[in-house]
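Asks: Submitted below is the structure of interest, expressed as structure tokens.
Computed from the coordinates by the stated procedures, all read-outs in this text should not be read as laboratory data. What you see is a predicted model; the values in this text were computed from it and never measured. Here the Cβ is made from the backbone with ideal geometry for all residues, glycine too, and neighbour counts use every protein chain on show.
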Protein chains: 2
Amino acid sequence: MLETIDLKAAVEKKVYRDTMEALDGRLSELQRAVYRAGIPVIVLFEGWDASGKGGVLGRLLQPLDPRYYKVHNIKPATAEEKMFPPLRRFWLRLPADGTMGIFNHSWYRQVLDERVADKLDRESCHGAYERVRVFERQLSDDGAVILKLFLHISQKEQAKRFKALKADPAFAWKVGVGEEQRHKNYPVFKTAVEDMIEETSTAYAPWHIVPATSERYVHTVVAEALAACLQHALEKHKPDPVYDPQLLPRHSSVLDRVDLSQTIADESYKRKLRRYQEELRRLQHLCYVKRKAAVIVYEGPDAGGKGGSIRRLVRPLDPRGYEVIPTAAPTGEERTHHYLWRFWRAVPKAGHLAIFDRSWYGRVMVERLEGFATIDEWQRAFREINEFEAQLVEAGAILIKFWVHISKEEQLARFESRQSDPTKLWKITEEDWRNREKWDAYLLAASDMIEQTSTTQAPWTVLEGNDKRFARIKALETVCARLHAALE
Amino acid sequence: MLETIDLKAAVEKKVYRDTMEALDGRLSELQRAVYRAGIPVIVLFEGWDASGKGGVLGRLLQPLDPRYYKVHNIKPATAEEKMFPPLRRFWLRLPADGTMGIFNHSWYRQVLDERVADKLDRESCHGAYERVRVFERQLSDDGAVILKLFLHISQKEQAKRFKALKADPAFAWKVGVGEEQRHKNYPVFKTAVEDMIEETSTAYAPWHIVPATSERYVHTVVAEALAACLQHALEKHKPDPVYDPQLLPRHSSVLDRVDLSQTIADESYKRKLRRYQEELRRLQHLCYVKRKAAVIVYEGPDAGGKGGSIRRLVRPLDPRGYEVIPTAAPTGEERTHHYLWRFWRAVPKAGHLAIFDRSWYGRVMVERLEGFATIDEWQRAFREINEFEAQLVEAGAILIKFWVHISKEEQLARFESRQSDPTKLWKITEEDWRNREKWDAYLLAASDMIEQTSTTQAPWTVLEGNDKRFARIKALETVCARLHAALE
């Protein structure tokens, strides 16, 4: 693949000047338009050492307003970063809507380095490639523009450039042991690069291989590519969905079959509570020692008993090892990023527990019901969520998801009790009453959610919550059983 | 000091149960009240190894709603963290308004460890103590509650506990080389702890030394201390300021004496622009090699030419080494933290440049003028800002602050030109016209700001901006001169 690239490609000085002048004006205008349209832009540079990434980057950015771009230098993951799923550190660096995130090296560096260092074959990298494809698709579906550039020079040209750098004391440090080693391994890296480009060139995020022997040529081509990308993003229209899936005929759902009459006797409750809390204390310790993360999600209607269940769950835990994360409507920079961004930020590190009081499932629940997400967006979200959770599990996390279920009558009884008890009055708001009016639509969305996102590694557990204490014990029992199974 | 503490302090079982039951109820209520009042709470635990911090923490949190606290385990700073001012990593972990940040170890660990490891005397730690006092005062002034607990046990008791831990295979890992070493060094640490407590016990953040031999005793005392703190914070009223300093008679200000008639000839502009940009490229490289950070702040009226000046400044720079940070009104989690929090997040690391298009000076400009900050708050801010900047400089940063000054007439001319030029129309908004009406008050605030925050390490430079190009050259010249002086 790479040998077909014309490395002699060049541009005349006069043509270069005129082209760049025109491109600079165009890019400056396009940047403003993209900012106004709220489109996030991701530009990433990969390429051989000494292929001139820094210089190209500098020239590309000249006409742009520096307040609305940010350059990220990607280094190998630190020990701390390695305690999270591999893509987390890139999620955290994604540009806000309307701004540009420019990556000097990127998520591809890791794949390439690991492949060569660990002498892996193409097959062994399939998981990593797939992860990257999913990542880019999710961003692209959310409206992001992704431009991926590979700056290509020959091994001979690289040798020439290294020699020039080493001759200048101010730049000699740029050619270190790593660079020399990669230079020697050029043919091995070449195969790895070709495979990578093949595996991860997609319709939504294709690779552009740029011959980088001539500085003028590479400047022109890169600026043109960015201009074309931005232009295209501004012209793109989202297709209307063909039909509203909410209009489809419904079959009986998993929630219709929940037996809410189940209860637990007082004596049995106390005994089991003690027993499972004791067990959980031990299991948390094992999680820490074995470096397993656990993610526990609570969803369910208002007054279902999520808070009380969570409190019983965390009571035996060492507070240095868990965090409870309440999820409300997104604010500030959460609003100007992909909806999964804030949850990527909250992913627990290896050995730690995170308990989510509501979660990313808001996308297919409240956002669906209130129309904050389009049909296209929340439909797509089922798959995106499964992909997100698969990455957590792949990275070693144990994922437990609870739907706390109660009947409509039980909810009313609890609302009324809160309303009439001054010490509980703070727990109930106007909004709770408004939400209650949408009970049927809410259950429909919940049924869809449970059906679409119950996977082998991350199944839903329904907690029959009309008897709060029954639900609490079932939650504790489930957490103990799942941790136990994963840790043995 | 520590030898006066009664390490035999204990509580009877029956008294313990009753006290804790009452305290649990009270703490649960207080937490809700504090949440509603939007008061941030900081609780930090220091103490000897095996003094039982984890257990105390676990018991203390039992009655609390886990959604509104977060426990931070503080480890020694990483290599990455060491490239920033020392307190940055704690600023980033501060609790949002209404929530609790609980620190297991804290900013004190660093001071203690360094003192003992580097065999420093008390004098040599003065800078570090002062930094911590400033940090806690700034937070306390902003309404935060700070509870600092030191869990004290004797060396003999520690030996006993280490023995018990090592006897149990599940806990033996808790006694490592560091623990053994600190145990041997107990007397040295004791002096260091005593000095630390003396130096950093203040009216707004006193230390509480808690005898920790008896588990029941320490649980009770810690819960009582937290309850007392929260109660006090809820009852505290801010005193009204005695007078409005804006009513004081004014003397002629530094801005009245600015000579706005200065201009630069076309030929000279082009020559100097090239020259200084070339020099700056070299200086950035030196900053990187010598690991010096630079912070450049731009303030000044709308249409003053900040953006154009910044663009000329960054053009020669390697984009991998700088960031331009535009500052607008705070949103989301920025609003629920100390006003300096978002700027602590943006502090550049050693070797990097950060250019702020408006900055923390918003506190004494727009927030003062629009009444978003009380008189007390913006008056205090002058000192807080000087302290913040002193920490940047102490950590090795070069700080350059520009006030781009133009006349009221020049602003009008630029507004009108923007209004009538379709390609510039996006640059002007209704708000710009509204701000213009407050011109005189704005200049008054700017004069105060420049007078109060021009310090030896971080002086203001006024850029005479009626001739944009004159101001641009002066900015470049100033940056080159300051970097040059700091790097030689």
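Asks: For A:His152, list long-range residues whose amide hydrogen, built 1.01 Å from N in the peptide plane, is under 5 Å from its own amide hydrogen.
Replies: A:Val210, A:Ala212
Asks: Can you give the mean number of other chain Cβ atoms that lie within 10 Å of the Cβ atoms in peptide A:285-292?
Replies: The shielding value for this peptide is 1.
Asks: Still on this structure, I have one more. Strictly over 29 Å apart at the Cα level, which of B:Lys8/B:Lys148; A:Lys190/A:Lys236; A:Lys474/B:Lys70; A:Lys270/B:Lys166 would you flag in this model?
Replies: Correct reply: A:Lys190/A:Lys236; A:Lys270/B:Lys166.
Asks: Compute the projected area of the convex hull of the Cα atoms of segment A:423-479, averaged over all viewing directions, and report it in nm² to one decimal place.
Replies: Details: hull surface 22.6 nm².
Averaging across all directions leaves 5.7 nm² for the Cα convex hull.
Asks: Provide the packing ranking of A:462-469, B:456-463, A:27-34, A:171-178, i.e. peptides ordered by the mean count of other C-beta atoms within 10 Å per residue, highest first. Walk me through the numbers on the way to the answer.
Replies: Details: A:462-469: 22.0, B:456-463: 16.9, A:27-34: 18.5, A:171-178: 11.9.
The peptides rank, most packed first, as A:462-469, A:27-34, B:456-463, A:171-178.
Asks: Separate question: For A:Val462, enumerate residues with amide H under 5 Å from its amide H, sequence gap 5+ or separate chain, H modeled in the peptide plane.
Replies: It is A:Trp403, by chain and number.
Asks: Summing +1 for each Lys or Arg and -1 for each Asp or Glu, what net charge is found among the other residues whose Cβ lies under 13 Å from the Cβ of A:Lys160?
Replies: Charge balance in the 13 Å sphere: +2.
Asks: Whole-Hz Karplus ³J(HN,Hα) for segment B:348-353, in order, using 6.51 cos²θ - 1.76 cosθ + 1.60 and θ = phi - 60°, x for Gly and Pro?
Replies: x, 7, 3, x, 10, 10
Asks: Sequence neighbours fewer than 8 away in the same chain don't count; with that in mind, list the aspartates and glutamates whose C-alpha is under 16 Å from B:Lys14.
Replies: Candidates past the 8-residue exclusion: B:Asp24, B:Glu215.
Asks: Using only Cα atoms and rounding to the nearest 10 degrees, what angle (0 to 90) does helix B:439-453 make with the longest principal axis of chain B?
Replies: Here the helix axis deviates by roughly 50 degrees.
Asks: ³J(HN,Hα) across segment B:140-150 via Karplus (A = 6.51, B = -1.76, C = 1.60, θ = phi - 60°), whole Hz, x for Gly/Pro?
Replies: With the stated coefficients, segment B:140-150 comes to 5, 4, 7, x, 6, 9, 10, 10, 10, 10, 10 Hz.
Asks: Suppose each label sits 7 Å from its Cα in the direction of the beta carbon; what would the A:Val254-A:Ala346 distance come out to in nanometres?
Replies: With each label point 7 Å from Cα toward Cβ, the separation is 2.1 nm.
Asks: Continuing with the same structure: Which semi-axis lengths, in whole Å and largest first, follow from the square roots of five times the eigenvalues of the Cα gyration tensor of chain A?
Replies: Numbers: eigenvalues 507, 144, 66 Å².
They are 50, 27, 18 Å, listed largest first.
Asks: Taking the label point as lying 7 angstrom from Cα along the Cα-to-Cβ axis, what are the distances from B:Thr423 to the corresponding position in the remaining copies, in ascending order and in nanometres?
Replies: 7.1
Asks: Can you give the three extents of the C-alpha atoms in segment B:93-212 along their principal axes, from longest to shortest, in whole Å?
Replies: 47, 36, 23
Asks: Also, quick follow-up: Show which lysines lie in cross-link reach of B:Lys438 when reach means a straight Cα distance below 16 angstrom and same-chain residues fewer than eight apart are skipped.
Replies: B:Lys408
Asks: Which net charge results when you count Lys and Arg as +1 and Asp and Glu as -1 among the other residues whose beta-carbon is under 14 Å from that of A:Val193?
Replies: -3
Asks: OK, next. Taking the axis that carries chain A onto chain B, what is the nearest Cβ in chain A, and at how many Å, to the whole number?
Replies: Nearest-to-axis residue on chain A, with distance in whole Å, is A:Gly332, 1.
Asks: Please pull out the direction-averaged projected area of the protein assembly as shown, using the convex hull of its alpha-carbon atoms, in nm² to one decimal place. The partial results should precede the final answer.
Replies: Values: hull surface 179.8 nm².
Mean orientational projected area (the protein assembly as shown, Cα hull): 45.0 nm².
Asks: When DSSP assigns beta bridges and you keep just the ones with both residues in chain A, what percent turn out antiparallel, to the nearest 5?
Replies: Values: 0 of 43 bridges.
Expressed as a percentage, antiparallel bridges in chain A total about 0.
Asks: With the label 7 angstrom out along Cα to Cβ, how close does A:Gln231 come to the same site in each of the other copies, in nm, nearest first?
Replies: Copy-to-copy label distances for A:Gln231: 7.2 nm.
Asks: When each copy gets a label point 7 Å from Cα toward the beta-carbon at A:Trp439, what are the spacings between them in nm, shortest first?
Replies: 6.4
Asks: For chain A, what does -39500 (n - 2.57) per DSSP helix run (n ≥ 4), summed and divided by total residues, give at 222 nm, in deg cm²/dmol to the nearest 500?
Replies: Dividing the helical sum by the residues of chain A leaves -16000 deg cm²/dmol.
Asks: What is the ratio of the Cα radius of gyration of segment B:89-155 to 2.2 N^0.38 Å, with N the residue count, to two decimals?
Replies: 1.27
Asks: In peptide A:419-426, what is the residue-averaged number of other protein chain Cβ atoms found within 10 Å of each Cβ?
Replies: Values: counts 0, 0, 0, 0, 2, 0, 0, 4.
If you average over the peptide's residues, the count of other-chain Cβ atoms is 1.
Asks: What is the helix-to-structure angle for A:408-420, meaning the angle in degrees between its Cα long axis and the longest Cα principal axis of chain A, kept from 0 to 90 and rounded to the nearest 10?
Replies: The angle comes out at about 80 degrees.
Asks: Now, a different point. Could you work out, residue by residue across A:309-320, how many beta carbons of other chains sit within 10 Å of that residue's beta carbon, and then give the average as an integer?
Replies: Numbers: counts 0, 3, 6, 0, 1, 5, 5, 2, 3, 6, 16, 10.
Average neighbour count from other chains, rounded to a whole number: 5.
Asks: Can you tally the net charge around B:Leu57? Count Lys and Arg as +1, Asp and Glu as -1, for every other residue whose Cβ sits under 9 Å from the Cβ of B:Leu57. Write out the running numbers ahead of the final one.
Replies: Values: positive: A:Arg320, B:Lys53, B:Arg59; negative: A:Asp318.
Within the 9 Å Cβ shell, the charges total +2.
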